[in-house]
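Student: Below you'll find the structure I mean.
Please treat every number below as a calculation from the coordinates, not as lab data. No experiment lies behind these values; they were computed from the predicted model shown. Cβ: placed from backbone, ideal geometry, glycine included. Neighbour counts: every protein chain shown.
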Amino acid sequence: MRFTFATAGTSKDEEVPRIRSAPDFCQAEPRFRRAVVLIIDALKIDFARFNAQNVAPRPFENKLPVLEEVMSSQPTHSRLFAFRADPPTTTMQRIKGFTTGSLPTFIDVGNNFASSAILEDNLVHQLGQVGKRVVFMGDDTWESLFPKKFHRSLPFPSFNVKDLHTVDNGILQHLYPTMEGSDWDVLIAHFLGVDHCGHRFGPDHPAMADKLTQMDAVIRSVIGRLENDTLLVVMGDHGMTDTGDHGGESLKETDAALFLYSPAPIFPIPGTQTEPEVVPQTDLVPTLALLLGIPIPYSSIGQVLLTLFPRDKGSSGAPAHLSQAEALWINAKQVNRFLETYSQMAKDIPPESLSLLRADFSRLSSQYLSSAQRGHPPSPAVAAALQGYLTAVRDTCRASWARFHPLKMVAGIAILAAACMLCLAVSELPAVAGEGRALRAPLVTGVGLAGGVAVVQLVTGGRGQGRGPLGALPTLFSVPLLVLVLRCASLLSDSYVVAEGRVATFLLCSLGVYVPLRLNWDGLLLPVSPDPLRPPGAHPSPTLSPSAVRRESLTLLACLGVLVGSLYLSLSFHACREEQGACSPSAFLAPLSRVQDSGLRNLHYVLSVASLTAWTFALRRWLRHYGNLNCSGPAVFAARWLLPAASVCLALHWAVNSTPEESFRNLSELMGLALVALPRAAFSSWGWGRPSYRASTGISPQAELHHLIPQLYQRMRQSLEDGEPVGAGDGGGGPAVEAYGLGTVYSAPLVVLCGLLGLGLLMLHPEGMALSFLLLLLEAAALLRLHSSSTALALLQGAHTGGFSVPWTPVLLWALAATQFFHATGHLPTFPSIQWGAAFVGFPKGHAGTLLPATLVTLNTFSAHILFAVGCPLLLFWPLVCEVRGGRRGRGVVAGDGEEGEDAVMEMRLREQPERFSSALLQLGARYLFIHGAQVLASVCAAAILRRHLMVWKVFAPKLMFEASGFLVTSASVLLGLALVMRVDVAVGRWFKKLLPEESRRRGRPAQALESIEENIRWTDNTLPLLEGGAQGRTTPCPCLREGPRVALQDPKGLKL
C-alpha cells in the first residue's frame, strides 16, 4: 500500500548552500534550455545494441546503427544504458513511473484499459509551473494521464495493436516542423510501431526490421536538427518477450534502452568515472528535473544519474551548473522531505528503519553544510554516503509498500473459506434431504443442517449407509476429494504453478483412469457371474444381458482412450513461461500472419479449416442423430444454418487476416472491409442463435390437421373412454404415437449454445488453436460418455442407487478439464501471456471505449472456463441421453424397474420428478462452483503464506488474480447454462399444460378433458412435438421424420402418449 500526494515541490525546496559564491539553484541557468524526448514503446536494450561481428543478424538486431555511430564518433556527447523498469511492465504504469519517480503496483494494471489523470506531482506539471511549453504527440494515453497540461498536443489512438503505422506516421508529419519552430521548450513524441509490431508479429519478423530501420532514420533526423542547448532522450518504456508480449517482470520485459545525447559535451571521457550498467527508470525523473532547472517532483524516490553532472565546478567550464555533490544534496533533501511527510501520514514505515534514515540524513546534512560553510566541496565520502542514503530510502519504501496486514488477510481467508463451506453445504442439501421438497424450507435451517452434517462427517471420517445424512455426504478420504486436495495443495508450490498445465493434465488423466478401476473393484465393469454357493438374492439383479454389459464396458474403455489421446495431443499447444528455461512455445500459438514460410502457413491454414469443419460436422451430426433438426424454429435454424455460416465466415476471416498486406495492395479497402464484416457476422450468430424451445411437428399446419392431430385425438379419446392407460395396446398393433426430439430437449439447446460459443471464442484466438478446440470437443465428449457409461454399468448390474444426482468424480473431471484447456489454448496465469490482439477481432480500427475490448480479451483468456461452465448441466443429462440402444425401431432402455425393450424416455424422465430434477441441477452447479472456489481459496492461502517468497509477485500474485477472475467468469457462465435449462423446462412444462390441463384430469372428468384437448388441438396446432402416428403398421407420410430416435412421451401425471 502506498499513499499518493498531490503536493508539488517548489524551487525553494531545492535551495543549495552557497559554495564559492555559486548562484542559488532557483536563479541559476539550467544546464539545458530545451529537451526532446523520443519514447519508442517496447524498445528493449537488445534492439539498441550493435554488434559489428554479427554477420547474420536477426530481424531485430543491428537495426539502430545510429546509436553506435554517435557513441563512437562523439564519446563525450552520448551514452547508452540499460533502462530497467519496475513491474508491471505495461505502458500506463511505465509512463507514471518515469514522470513521477514513484513505483506503480500490480493494482494499477487494470488502469491500462482506462487511464485516469495522475494526481501526484510529476515532470509535466513542474515544467508547466515554471512556464516551459510542453508539446506532445503520439500515444493518446498521455492525454488521459495529463489532461490540459500540454501547451499543444497531437494524440493518436493507441490501443489497436494491429496498426503499426498510424501513430508513427502521424508523429512524423508534425515532429520536424515543430522542432524547426520556436513555440516549444520540451517536445515529447511517443512512437508505438515497435510495440505493436511485437504484439502482432513478434520481434523475430521482417516487419520488426522495417520498423526499427524507420526509427533509426528518425533518430538521425532529430540529431541533425538539435541545438547546443537541447538534450535528446531516446528511451523505451519497457521491453518484450520473445513472443512480443510484456507486462511481467522478466529481464526481457523490464530492460529497455536509454540513449542520451547532447550536441555539446556532457559526459566524462569513457573510463575516467564509474558508470552504472543499469539505470532504474525512476532515476530519470530527478536527473531531467535538475538538468532542465525545475524542482524534483515531490514523491520521487529516484536518484540522479551522476555521469551527467561534473565532479566539481571547474571541470565542466560552466561554473553555473550543478556539480555531482550539489545534485546529490538536492536529491537527498527532496527525498527526505517526502519521507518525513509520508511517514507522518501513512505510519507503515517501521520505526527502527525510519530512525536510522533520519540519523543518517542528519549526519550527512551536518557534514555537507559544514563543507559548504568552509567554501570547500564535500568529500567523495560524503557524496558516496548521500548515494547510499538515497538507495536505503528507496529500498525501505519498496519494503514498506509491500507490507501486509496478517489480521486482515486471515479475516479474508476466513470469509472465503466460509463461502466455500456454504457452497459445499448447498451442494449436499438436496442429497441430505432426500426429496426436493426440502428446498422449500427456510434456507437458514437447511444450510445449518447440511453444514452441521458436513462438519460431523469431516471430523469422524465415517461412511454412512443408506439415505441417512452421513451417507449422503462425501467422505474425507474419497478419491475425488483427495484429487481436489492435491490440486489445491499444488498451488502452494511455485514449481507446480509454473508447470500447472502438465499438473492439471496428469490429475485429469489419473482421475479418468480411476473410473474403470473403481468399477472393476466394485465388480461392475464385467458381467456378474452367479455363484452357486451363494443363496438366491445375494447377487445384484442385472437388467440387461451380459453382452450389453460388455458393450458398455468397451465403450467406456474406448472413451478413456480418446480422453488420454486428447490430453496427450493438447500438450502440443501449451505456451512457455520464462521460468521454464529451454521450453519452446507451440508453433500453433503464432498467428498465421507471423509465419513467413508460405508452405507452412498454408498447411496450418488447411489444418485449422479441417478442424473447424470437423467441429461443425460433429455438432450437426449429433443434433441430427437425436432428431433435433426436423422442425422449424430459432434453435433449429441456428443448428442447421448458423453453425455452418459462422464457420465459413471464420475460415474466410482467417484467410484475409493471414494474407500479407503487400500481396493485395489494390484490394486493401476490400480486405479492410472483410476484416470488419466477417468476424462481426460470426459474432452475430450468438444473437441469432439464441437457443429456444417450441414444440412443433415440423410440417405444415394443414398436414398436422389432416393426418397427425386427428390420430392423437382419437387415441386419447379411446383411452379415456375405455378407462385404460394410453399405450396399453401398443403391442397389439393399435395406434402408436411417437415423439422425436423431446429425448434431448434439455441437452440440445446447450449443445447448440456451446457450439456457437466455441466458434465465437475460437475466432478470438490464433488460427492454429482450431486444432486445440477440436481436442476440447473430443475431450468433453469423452468425459460425458465416460460418465454415462459408468452410470449405465451400475444400472445394468443393478447397483445404481437411483436419482439424478451427479457424483463428485465427473464434476471434478469437468472442472479439471477447464483448467487443463486454459493452458491448452495457449494461456498462462501471467500478464505477458494475455492475448491483447483479441480486442481487435472485428474492430481493426480500435474502439471508442474500453468496455468492449476488455470484454473481448476476457472472453479470449477464459474461453475454456466459459465453455465448460455453460456445458456443466450436460453432466446431468448425458446418462439419460445415452439410455437408447439398438436400432431405430425397438430401441431398448435401461430403466429403473428392470424392463428391457420399453420405449425410451431419455430426458423426459426428468419430467416425472420435477422436484428431484431441480434439486439435482442445483446440486451440480453448487458442486462445480465449490471446486473452483476451493482453488481460489488455495491461491489466496498461497499468496498469504508465501507473501515473503521470492516468487510472490512473479508467480503467486498473478496466479491469484487469474484464479479469482476465472472464478467470476465461471460463476456467470454456470448461471447462464442453468438459466437456459430452466427456460427450456418452463417451455416444456407449458406445453404439457396445453396438451392436457391438469385441473380437468385431477377432477376425473374425461369429457371436460376431451373438450379441452379438442379445443387446444384446434387452435394451437403448432404446439405439439415431433410426431409420427400409425395404426396396424400404417404410417402417416412425413418426410421430415426419417431421422432421430423415438421417445415415448410421459406427461407429469403418468399419461403415456
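Student: For region 942-955, what does the Karplus curve 6.51 cos²θ - 1.76 cosθ + 1.60, with θ = phi - 60°, yield as ³J(HN,Hα) per residue in whole Hz, taken in order and with x for Gly and Pro?
Tutor: The phi angles translate into 5, 5, 6, 5, 9, 5, 9, 5, 4, 9, 4, 7, 8, 10 Hz.
Student: Something else now. How much FRET efficiency would the formula 1/(1 + (r/R0)^6) give for Leu852 and Phe637, where r is the Cβ-Cβ distance and R0 is 25 Å, rounded to 0.05? Working shown, then result.
Tutor: Numbers: r = 27 Å, r/R0 = 1.08.
Calculated value: 0.40.
Student: Could you check the simple spin-label distance between Ser355 and Arg948, using points 7 Å along Cα→Cβ, in nm with one decimal?
Tutor: Between Ser355 and Arg948, the label points sit 2.0 nm apart.
Student: Next question, about the same structure. What residues have an amide H closer than 5 Å to that of Gly247, excluding those fewer than 5 places away on the same chain, when H is modeled at 1.01 Å from N in the peptide plane?
Tutor: Thr89
Student: Within the set Lys132/Lys162; Lys63/Lys148; Lys132/Lys211; Lys211/Lys954; Lys44/Lys845, which residue pairs have Cα atoms separated by over 28 Å? Write out the running numbers ahead of the final one.
Tutor: Values: Lys132/Lys162 35 Å; Lys63/Lys148 37 Å; Lys132/Lys211 32 Å; Lys211/Lys954 31 Å; Lys44/Lys845 26 Å.
Lys132/Lys162; Lys63/Lys148; Lys132/Lys211; Lys211/Lys954, as the Cα separations exceed 28 Å there.
Student: Could you work out the local net charge near Thr970, counting Lys and Arg as +1, Asp and Glu as -1, over the other residues with Cβ closer than 14 Å to its Cβ?
Tutor: Details: positive: Arg927; negative: Glu963.
With Lys, Arg at +1 and Asp, Glu at -1, the neighbours total 0.
Student: Simple spin-label model, 7 Å along Cα-to-Cβ: Ala52 to Ser965 in nm?
Tutor: Each label point lies 7 Å from its Cα, and together they span 4.7 nm.
Student: Just to check I understand the Karplus step: with θ = phi - 60° and J = 6.51 cos²θ - 1.76 cosθ + 1.60, what whole-Hz values come out for region 860-873, glycine and proline as x?
Tutor: Rounded to whole hertz, the list is 5, 5, 10, 5, 5, 4, 5, 5, 6, 6, 5, x, 4, x.
Student: What's the ranking of 598-605, 617-624 by average number of surrounding C-beta atoms within 10 Å, highest first?
Tutor: Values: 598-605: 14.5, 617-624: 16.8.
Averaged packing, sorted descending, gives the order 617-624, 598-605.
Student: I've got another one for you. Could you derive backbone 3J(HN,Hα) for region 498-506 from the dihedral phi with the Karplus parameters 6.51, -1.76 and 1.60 (θ = phi - 60°), listing whole Hz in sequence and x where the residue is Gly or Pro?
Tutor: Result, ordered by residue: 4, 9, 4, x, 6, 5, 4, 4, 5 Hz.
Student: Please state the shape class of region 2-400: rounded when a/c is under 1.5, otherwise prolate if a/b exceeds b/c and oblate if not, all from the C-alpha gyration tensor. Intermediate results must be reported in sequence, preceding the final value.
Tutor: Working: a/c = 1.65, a/b = 1.39, b/c = 1.18.
Prolate, since a/c reaches 1.5 and a/b exceeds b/c.
Student: Taking 7 Å along the Cα-to-C-beta vector as the label spot, tell me the His376-Met982 distance in nanometres, rounded to one decimal.
Tutor: Spacing of the two 7 Å Cα→Cβ label points: 8.4 nm.
Student: In this model, which of Lys149/Lys347; Lys252/Lys959; Lys347/Lys959 are farther than 28 Å apart at the alpha-carbon?
Tutor: Working: Lys149/Lys347 33 Å; Lys252/Lys959 20 Å; Lys347/Lys959 30 Å.
Beyond 28 Å: Lys149/Lys347; Lys347/Lys959.
Student: Shifting gears a bit: Please give the length that would be gained between Val513 and Ala417 if that part of the chain were fully extended, namely 0.36 nm times their separation in residues minus their C-alpha to C-alpha distance (nm, one decimal). List each step's numbers first, then the result.
Tutor: Values: separation 96, 0.36 × 96 = 34.56 nm, distance 3.05 nm.
Length gained between Val513 and Ala417: 31.5 nm.
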